[in-house]
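Below is one structure, written out as structure tokens, with a few remarks after it.
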């Protein structure tokens, strides 16, 4: 049961949560957003870092199917971590180096047989 009171020019709403106050009936959404926003930002940053590392290493290794899969599938970094540590078999110290095992040029060298 809701009762709106516009007395004295102030909007107050009484509802299942009691007096919500001057924010109106949607005030709880602002509070929820303020609580959840830091976690959403942290999850986005976490995911972007792992996705960037995985895409970099898969491209440098010439693993284009992995590159496409990692680009399209979003798993908050889980698939990216699996790729980096179990498929590419990199150590944590290898993640930030420019040389990640073998470069594509090593796979596609053309020999001149003249």
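A short reminder: the numbers here are calculations on the coordinates, not readings from a lab. This structure is a prediction, so every number in the text was calculated from the model and none was measured. Don't worry about glycine lacking a Cβ; one is built from the backbone with ideal geometry, like all the others, and counts go over all protein chains shown.
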Quiz item: By how many nm would the segment from residue 81 to residue 40 lengthen if fully extended, with 0.36 nm per residue of separation less the alpha-carbon distance?
Solution: 12.8 nm
Quiz item: How large is the convex hull of the Cα atoms of segment 26-67 per residue, expressed in Å³ as a whole number?
Solution: 57
Quiz item: With each pseudo-label sitting 7 Å past Cα toward Cβ, what's the residue 56-residue 68 distance in nm, one decimal?
Solution: 2.5
